[in-house]
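Each reported figure results from applying straightforward, stated rules to the coordinates on display, with no laboratory input. This is a predicted model, so every value here is computed, not measured. Glycine also receives a Cβ, built like all others from the backbone with ideal geometry; neighbour counts cover every protein chain displayed.
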Amino acid sequence: MAPETKPIANMGLKAESSNAPVPADESSQTEETTLVSALSLLHQMHQKLALLRESIPHMVQPIMKASTYPTPETLFDDFSKRTLKASEDLVEFTKLVSDGKWVFDKATSSRRENGVEGGEVKRWKSSAPMPHYLKDIVDDTEGASRDKEAKKKEEEEKERKRLEAERSKERELEITEVKEVESEDVRRGIIDEFKKEHSDIELTPEEDGRILKVTIPKPVGLVFSIEIPQSAAETNRYIVTLPASSYLHVLILRSITTRPNAGSLKYLLDMIATYQTIYKTKCNKCNKLTQGPKADLPVIRRLKRTAKLVQKEPKEEGGSNKENDKMDTVGDDKAKDLNGTKPKIKTESKEQKLNEENDGAEDGAVELVEEFWVTLHEGCAA
């Protein structure tokens, strides 16, 4: 059985107040006795504190189980006894701490004299079983630490996936705008290339090369007149006219007049060529051919240029590059859309590029650049 509180406190006080010189053996024995007394006192404090942690649940238990008592008087009597017991335990613990103040003073002076690392004594982990109330606290702390670490890893994984998705997502590139008047040689090269790609569309220069007529054969049967800007002109814009014999012609001319990059002959000719399939190309947004009561076909054409980061497959010895094969296949599939119902009605597969991204792309990744025309109704483009 642990010694009583009072004798222990007195013993510690005597040990502290003793100033007379004593032999070395007696001094060591006195110090040991003092430490044992201090430990015993701390043990009592620990037990009392454990009881106090459970005093409130023990005290309110009658209220929680009021239905089990036969009469209200019995309930009140039990509650009063438990409350009185909790009060007595609190008074006893307070007195025990007050009598054992010398233990804490001795510990403070010991840290000051013998402590390391800034006057703090390293914590000593006892092999004794941990009290359940402390165990819950430690478990909660460790659990919170594990949850925090798991949450951090989860956030890092999400960020990594987000970056990968961002890199692999298609992004729209700006179309290089022609700001100067194109020279005769540049126009001649554009016209020759256009004739090779669209042999069924007729290009006829008139008025000493000042007018270029573009004729789309029937059933479309459109004839566009393009005024070539001169070197001394105030603007590099190619002005287009079209005989407005129907509401559809008005819509087409309005779309061409409001086109971007108006100083590029290549952009204009490619745009005009897309009207070859005007009677079977659906809107890229609503996926319908007509809209409204009139012959409101999707007449708006806008060139889009996109880039997408793709993983390049390794090149096998003695064979071709699989990535290039895959890119050609993609180009062929998109070329088939020209006469289909998909919204992308033109893809310049010859201009697809595989540019190594030395700055932003990872190893084994290449950038696929594609150009295609978007088709929209005027109402869908608004």
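If you take all other residues with their beta carbon under 9 Å from the beta carbon of MET271, and give Lys and Arg +1 and Asp and Glu -1, the sum is +2. Computed over the Cα atoms of the range 181-279, pair by distinct pair, the Kirkwood hydrodynamic radius stands at 13.9 angstrom. Each residue of the range 239-253 is assigned a 3J(HN,Hα), and the resulting list reads 8, 10, 10, 8, x, 8, 8, 8, 4, 5, 5, 4, 5, 5, 5 Hz, derived from the Karplus form 6.51 cos²θ - 1.76 cosθ + 1.60 (θ = phi - 60°), x at Gly and Pro.
Please report how far the C-alpha centroid of the range 212-290 lies from that of the range 56-82, rounded to the nearest whole angstrom. First find each Cα centre; the distance between them is then 93 Å. The ranking of LYS218, LYS151 from fewest to most other beta carbons within 10 Å of each one's beta carbon is LYS218, LYS151.
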